[in-house]
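Enquirer: The structure that follows is given in the form of structure tokens.
The values are calculated or read from the model by the stated rules, or taken from the named source; none is laboratory data. Remember, predicted model here, so these are calculated numbers, not experimental data. As a convention, Cβ positions derive from the backbone with ideal geometry for all residues, glycine included, and neighbour counts pool all protein chains shown. The accessibility values were calculated without ligands, DNA or RNA, using every heavy atom of the protein model including side chains. Shrake-Rupley method; radii C 1.70, N 1.55, O 1.52, S 1.80 Å.
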Amino acid sequence: MFQTLYSYFWWERLWLPANLTWADLEDRDGRVYAKASDLYITLPLAFLFLVVRHLFETYVATPLAGLLNVKEKIRLKATPNAVLEKFYAATTKHPKQADVEMLSKRSGCTVRQVERWFRRRRNQDRPSLLKKFREASWRFTFYLIAFIAGMAVIVDKPWFYDLREVWKGYPIQSMLPSQYWYYIIELSFYWSLLFSIASDVKRKDFKEQIIHHVATIILISFSWFANYIRAGTLIMALHDSADYLLESAKMFNYAGWRNTCNNIFIVFAAVFIITRLVILPFWIMHCTVVYPLELYPAFFGYYFFNFMMVVLQSLHVFWAYLIIRMAQKFITGKVVEDERSDREETDDTEEEEEAPSAKNGPLSNGHPILNNNHRKTD
């Protein structure tokens with residue numbers, strides 16, 4: 001049965017145009033072609049990436065955070081309470097007013113104390129500023145290096161300037177060593193992102209992130225199997241061009257360099273929109289949808305590859321919507337916050353109880369000091 005499934009999976013008509021077989025892509029006369037077995041190494045390399053990431057975050061990102069004066073907020077811990085903890089873990093972290101009143105009776109606490117307990121308990125589960133900074137530093141470093149390496153791989157190739165060259169001679173296109181390592185490193189990194197996503201900082205687009213990582217892994221792998229390597233290198237370099245800007249903006253945000261963060265974000269937004277909403281759909285996807293049909297009839301692999309491209313493009317539209325919302329807030333002078341983030345909650349009610357005489361906040365020259373709890377979070 002396994003052999004039958006294996007034969008169906010690798011049926012040439014699924015992966016290659018008509019009249020071509022896997023035998024046409026066997027190494028000969030000094031020409032080397034991509035092989036599925038080449039990608040086995042990406043799984044152990046993904047775990048190696050996780051080890052390197054841990055070392056980087058410990059010995060590079062953490063000292064860097066200290067140099068940039070990345071400070072943690074003092075979080076008040078929720079007082080241990082079995083009744084509230086059970087409801088928090090088993091039912092919901094955001095109880096409705098009726099639930100609060102019910103829990104107040106069960107726990108012997110006042111309604112205000114229950115509300116305060118849930119605020120503090122939720123804050124305890126939120127990732128620390130240092131954790132966010134370390135993650136952003138790691139991704140910034142990889143994306144920047146990957147973008148530079150990707151441009152070095154493709155900038156001297158004729159298909160970088162003429163997209164019709166992407167399909168010249170397809171699929172009999174030999175693989176270059178630089179393309180091999182670019183693919184292996186990129187795929188290994190995205191495997192590592194997928195493996196660590198459960199422990200990384202969770203944002204509101206958590207599901208979209210999973211879809212993105214899975215779609216990216218499938219696209220990279222499929223383009224390797226079907227020898228779409230020229231198109232694949234262009235797509236990977238295009239995606240890396242904006243990602244390092246976003247991660248650097250996050251780093252400066254966590255460090256409190258608000259103006260630098262906002263300026264980099266505006267540059268990121270422009271690069272993201274140009275690359276993901278203009279170049280990708282109107283140049284790259286046009287290249288993968290239209291040009292191949294000039295050479296051979298459409299086959300399953302053609303439809304599958306472009307379907308996955310549409311999935312990625314849909315995610316880009318979703319993220320572009322969030323980015324534009326943030327850019328509008330910046331332009332109108334409002335506080336810019338990551339739309340995907342889970343905001344830290346303040347203990348305003350507690351401050352009123354513990355310091356009623358200062359419920360309007362401390363004064364500076366007769367004016368209230370701005371509440372720093374409303375700084376941008378990611």
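Enquirer: With +1 on each Lys and Arg Cβ and -1 on each Asp and Glu Cβ, and nothing else charged, work out how big the dipole of segment 82-125 is about its Cα centre, in Debye to the nearest 20. Let's see the in-between values first.
Expert: Working: 11 positive and 5 negative charges, 21 e Å.
With only Lys, Arg, Asp and Glu charged at Cβ, the dipole is about 100 debye.
Enquirer: Could you go through segment 253-270 in sequence order and give the Karplus-derived ³J(HN,Hα) for each residue, using 6.51 cos²θ - 1.76 cosθ + 1.60 with θ = phi - 60°, rounded to whole Hz, and x for Gly and Pro?
Expert: So the J values, rounded to whole Hz, are 5, 5, 7, x, 8, 4, 5, 4, 4, 5, 5, 5, 5, 5, 5, 4, 4, 5.
Enquirer: Shape verdict for segment 1-124, please, from the Cα gyration tensor: rounded (a/c under 1.5), prolate (a/b greater than b/c) or oblate.
Expert: Details: a/c = 5.03, a/b = 2.13, b/c = 2.36.
Oblate, since a/c reaches 1.5 and b/c is not below a/b.
Enquirer: Related question: Would you work out the charge dipole size for the chain about its Cα centre, treating the Cβ of every Lys and Arg as +1 and the Cβ of every Asp and Glu as -1, and quote it to the nearest 20 debye?
Expert: Working: 44 positive and 39 negative charges, 205 e Å.
The dipole magnitude comes to about 980 debye.
Enquirer: By what distance, in whole Å, do the Cα atoms of segment 82-125 stretch along each of the three principal axes, largest value first?
Expert: Here the spans come out as 25, 19, 19 Å, largest first.
Enquirer: Contour minus end-to-end for D125 and F304, with contour as 0.36 nm per residue of separation and end-to-end as the Cα-Cα distance? Please report the intermediate quantities before stating the final value.
Expert: On the way: separation 179, 0.36 × 179 = 64.44 nm, distance 3.99 nm.
Residue separation times 0.36 nm, minus the Cα-Cα distance, leaves 60.4 nm.
Enquirer: Under the rule a/c < 1.5 gives rounded, and otherwise a/b versus b/c splits prolate from oblate, where does the chain land using the Cα gyration tensor?
Expert: prolate
Enquirer: I'd like to compare 174-180, 9-15: which one has the highest average count of other Cβ atoms within 10 Å, and what's the full order after that?
Expert: Packing order, densest peptide first, comes out as 174-180, 9-15.
Enquirer: Follow-up question, since we're still on this one. Could you order I229, I266 by accessible surface area, starting with the largest, using a probe radius of 1.4 Å?
Expert: On the way: I229 5, I266 60 Å².
Most to least solvent-accessible, the answer reads I266, I229.
Enquirer: Using R₀ = 30 Å, calculate the FRET efficiency as 1/(1 + (r/R₀)^6) where r is the Cβ-Cβ separation of I41 and F318; round to 0.05. Let's see the in-between values first.
Expert: Working: r = 33 Å, r/R0 = 1.09.
So the FRET efficiency works out to roughly 0.35.
Enquirer: Another one. Given a Förster distance of 35 angstrom, what is the FRET efficiency for A82 paired with W10, based on the Cβ-Cβ distance and rounded to 0.05?
Expert: Efficiency, rounded to the nearest 0.05: 0.05.
Enquirer: Of K73/K204; K157/K204; K157/K329; K71/K105, which sit over 32 Å apart, Cα to Cα? Write down the numbers at each step before the final one.
Expert: Values: K73/K204 22 Å; K157/K204 39 Å; K157/K329 41 Å; K71/K105 38 Å.
Violating the 32 Å Cα-Cα cut-off are K157/K204; K157/K329; K71/K105.
Enquirer: Hey, any idea what % of segment 82-125's accessible area is carbon plus sulfur with a 1.4 Å probe?
Expert: Details: 1270 of 2660 Å².
The C+S portion of the solvent-accessible surface of segment 82-125 is 48 percent.
Enquirer: With every protein chain kept in place and ligands, DNA and RNA left out, what is the accessible area per residue of the chain? Probe 1.4 Å, answer in Å². Provide the component values of the computation, followed by the final result.
Expert: On the way: 20240 Å² over 378 residues.
For the chain, the per-residue accessible area is 54 Å².
Enquirer: Relative to the present Cα-Cα distance, how much length would full extension add between R258 and I274 at 0.36 nm per residue of separation?
Expert: Details: separation 16, 0.36 × 16 = 5.76 nm, distance 2.43 nm.
Result: 3.3 nm gained on full extension.
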